[in-house]
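What follows is a set of notes on a single structure, which appears directly below.
The values are calculated or read from the model by the stated rules, or taken from the named source; none is laboratory data. Not measured: the values here are computed from a predicted model. So basically every Cβ, Gly included, is an ideal-geometry build from the backbone, and we count neighbours across all protein chains shown. All accessible areas refer to the heavy atoms of the entire protein, side chains included, with ligands and DNA or RNA removed. Shrake-Rupley method; radii C 1.70, N 1.55, O 1.52, S 1.80 Å.
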Amino acid sequence: MQIQKRLTLGIGVLFAMILLLGIQSVGYIRDLSKASVNIIADNYNSLRYASDMMTSLDSIEYDSAAMLPLLETLALQQKNITEADEFQATGALQQRIAMLQDTVTPRTIQLVRSDLYRIMELNMAAIQAKSRLLSDASEEAMWWLAITAVLCVLIAFVFLIRFPRGVVKPITMLKEGILEI
């Protein structure tokens, strides 16, 4: 094999290994980034809606106009159901808020408050569970990247040991031939 072909092959293999590590790293980072954004966005909105409803609920006994923001935020929450039990909790909340529209009593306010706490607990638990899954996925990605990096280092080491011999051998043979002449 000619020296130029050997050099091209060696540099090409090293380039391919660097490209493989780069693509794999970017892929894992992109996937983890997307997953973390989804966890934060969906569950954060539910927590924010529950907090906003709590604020409206605090002033509903004294200000009947607080019912409108409460209903608007409830509508937003109904569109943002992301967890399995959140559908039932939001349904119970909707029924209790409907009871508030008829008459505002401390007992009904307490029931609405407990439903809001339930929705908040569900979403905080979901954030924790999804964060654990994301952490596991990131650890798995690190292991795969480490394995790939070790394989690339081993291949590069083999090239480091064998490649110079393959390039130097023809040059040495040429030199010996010239010396014989």
Task: Label-to-label distance, nm, for residues given as Trp143 and Glu72 (7 Å Cα→Cβ offset) - done: 5.0
TODO: Quick one: among Val112, Val158, Val104, which has the greatest mean-square fluctuation in a GNM of the chain with alpha-carbon springs under 10 angstrom?
DONE: Val158
TODO: Over the chain, average the accessible area per residue using a 1.4 Å probe and give it in Å², no decimals.
DONE: 68
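Can you count the Lys pairs in the chain whose Cα atoms are under 29 Å apart, with each pair 8 or more apart or on different chains? Spell out each step's value before the answer.
Working: Lys5/Lys169; Lys5/Lys175; Lys34/Lys79; Lys34/Lys130; Lys79/Lys130.
Final tally of qualifying lysine pairs is 5.
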Open item on the list: Between Arg6 and Ala129, what is the label-point separation in nm under the 7 Å Cα-to-beta-carbon projection?
Closed with: 6.0
- [ ] Return one number: the angle in degrees, 0 to 90 and rounded to the nearest 10, between the long axis of the Cα atoms of helix 106-180 and the longest principal axis of the Cα atoms of the chain.
- [x] 0
TODO: Compute the long axis of helix 86-102 from its Cα atoms, compare it with the longest principal axis of the Cα atoms of the chain, and write down the angle in degrees, 0 to 90, nearest 10.
DONE: 30
- [ ] Taking 7 Å along the Cα-to-C-beta vector as the label spot, tell me the Lys79-Thr105 distance in nanometres, rounded to one decimal.
- [x] 3.4
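Reported to two decimal places, what Rg/Rh ratio describes region 83-181 when computed on Cα atoms with Rh from the Kirkwood expression? If you can, show how the numbers build up before the last one.
Values: Rg = 34.7 Å, Rh = 20.0 Å.
Reported Rg/Rh (Cα atoms, Kirkwood Rh): 1.73.
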- [ ] Report the calculated FRET efficiency for Thr172 and Ala16 (r = Cβ-Cβ distance, R0 = 22 Å), to the nearest 0.05.
- [x] 0.15
Task: Degrees, to the nearest 10: 67-79 long Cα axis against longest axis of the chain - done: 40
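I need the semi-axes of the equivalent ellipsoid of region 1-112: take the C-alpha gyration tensor, multiply each eigenvalue by 5, square-root it, list largest first in whole angstrom. Can you show the working numbers first?
Details: eigenvalues 719, 26, 13 Å².
Largest first, region 1-112 gives 60, 11, 8 Å.
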TODO: Give me the accessible area of Arg107, 1.4 Å probe, in Å² rounded to the nearest 10.
DONE: 150
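Keeping the other protein chains in place, figure out the carbon and sulfur percent of the accessible area of region 70-181, with a 1.4 Å probe.
On the way: 5010 of 7670 Å².
With neighbouring chains kept in place, the figure for region 70-181 is 65 percent.
For every other residue with a beta carbon closer than 12 angstrom to the beta carbon of Arg118, add +1 if it is Lys or Arg and -1 if Asp or Glu, then tell me the sum. It would help to have the intermediate numbers written out before the result.
Numbers: positive: Arg96, Arg113; negative: Glu83, Asp85, Glu86, Asp115, Glu121.
Here the charged neighbours net out to -3.
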